[in-house]
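Step one of this worksheet: look at the structure below.
The values are calculated or read from the model by the stated rules, or taken from the named source; none is laboratory data. The model shown is predicted, which means the values in this text are computed figures rather than measured ones. In this analysis, Cβ positions are derived from the backbone assuming ideal geometry, glycine residues included, and neighbour counts consider all displayed protein chains. SASA here: full protein model, heavy atoms, side chains in, ligands and nucleic acids out. Shrake-Rupley method; radii C 1.70, N 1.55, O 1.52, S 1.80 Å.
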Amino acid sequence: MGVLGEAWTWLTTGANWSGESGVAHRLGEHLYVSGVALALSCALALPLALYLGHIGKGGALAVNLSNVGRAIPVFAVLALFMVSPLRNAGYVPTIVALVLFAVPPLLTNAYVGMTEVDRSVTEAARGMGMSGGQLFLRVELPLAYPLIMTGLRSAAVQVVATATIAAMVGQGGLGRIITAGFNTYDTPQVVAGALLVAVLALLVEAVLVGVDRLLSPLRRRRTA
């Protein structure tokens, strides 16, 4: 039958979807960790990036500092937390590690999107009497929106894929299916777990693309 065929058989077996170790429960855990990490990352990175991009000061330093996180392996960060007092804090170490991983693309794309707004457009808006808040909401934010959403999609897919590391320190998520397969030398289960993570990441990407098209300021203006 082959490994893929056996993995499909594993996925279509109802017993593998029920219970605390089943796919449904692990999927819920995975979505919880990923969602919390992504929400915290957006709350930290986007306001800072948009503000610095609006005033045009300090953004380069913030982006460079955030990009340091790209050079640090997420699992190494998680390992450090697991030997700290936070090791018994549930999902907190995993969420913190994922936040450090997701902030750079969010911060970089939002800041670059704001700074790449045509200065002649902003000057014309100021000449029309727009205040700083009006300029930000009506001109800069709509024009920076595509890059902001690109950063959000990139961060979301990375977080969903990387959240499997929670299983390496005994936490939940779809990674537990993969590690359980390794522990029992069940290759089809390992492949099935990897496929679940890949499909989930693709679904998240597809949903965010749909949200992007639905909320795009340029699209709404054309419709109006």
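The lone criterion from (1) of a type in the set (Ser, Thr, Tyr); (2) under 21 Å from ALA163 (Cα atoms); (3) part of a helix (DSSP H, G or I) left unmet by TYR51 is number (2).
Residue-by-condition table, conditions (1) buried (at least 16 other Cβ atoms within 10 Å of the Cβ); (2) touching a Pro at 6+ places or on another chain (Cβ under 6 Å); (3) assigned to a loop (DSSP other than H, G, I, E, B):
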residue: ALA7; (1), (2), (3): yes, yes, no
residue: TRP10; (1), (2), (3): yes, yes, no
residue: ALA15; (1), (2), (3): no, no, no
residue: ALA24; (1), (2), (3): no, no, no
residue: VAL36; (1), (2), (3): yes, no, no
residue: LEU40; (1), (2), (3): yes, no, no
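Considering only the stretch 124-133, I want to know if a residue exists there that is under 30 Å from the mean Cα position of the chain (by Cα) and either crowded, with 22+ Cβ neighbours inside 10 Å or farther than 25 Å from ALA43 by Cβ (or both). Checked the stretch 124-133: no residue is under 30 Å from the mean Cα position of the chain (by Cα) and either crowded, with 22+ Cβ neighbours inside 10 Å or farther than 25 Å from ALA43 by Cβ (or both).
For residues in the stretch 174-188 being of a type in the set (A, V, I, L, M, F, W, C) and within 19 Å of VAL199 (Cβ to Cβ), which is nearest to the chain's Cα centre (by Cα)? Filtering first and then ranking leaves LEU174. Pairing residues of the stretch 1-25 that are touching a residue at least 40 places away in the same chain (Cβ under 8 Å) and under 13 Å from ALA192 (Cβ atoms) with residues that are open to solvent by 80 Å² or more (accessible area, probe 1.4 Å) and among the aromatic types (Phe, Trp, Tyr), at Cβ distances under 7 Å and at least 6 apart in sequence or on separate chains, gives VAL23/TRP17. Residues considered: ALA49, ALA60, ALA37, ALA43. Of these, the only one that is at pLDDT 90 or above and within 30 Å of GLU123 (Cα to Cα) is ALA43. Is the stretch 67-76 home to any residue that is open to solvent by 40 Å² or more (accessible area, probe 1.4 Å), of a type in the set (Gly, Ala, Ser), within 22 Å of the chain's Cα centre (by Cα) and modelled with pLDDT of 90 or more? No: zero hits.
From the set of residues in the stretch 172-211 that are among the small types (Gly, Ala, Ser) and not in a helix (DSSP H, G or I), which is modelled with the highest pLDDT? Among those that are among the small types (Gly, Ala, Ser) and not in a helix (DSSP H, G or I), it is GLY173. Checking each residue in the stretch 136-173 for being more than 13 Å from the chain's Cα centre (by Cα) and among the small types (Gly, Ala, Ser) picks out ALA144, ALA166, ALA167, GLY170, GLY172, GLY173.
Before we move on, is ALA161 open to solvent by 40 Å² or more (accessible area, probe 1.4 Å) and either under 22 Å from ASP212 (Cβ atoms) or of a type in the set (A, V, I, L, M) (or both)? The answer is yes for ALA161.
Per the listing SER154, SER216, the residue uniquely over 23 Å from HIS25 (Cβ atoms) and open to solvent by less than 30 Å² (accessible area, probe 1.4 Å) is SER216.
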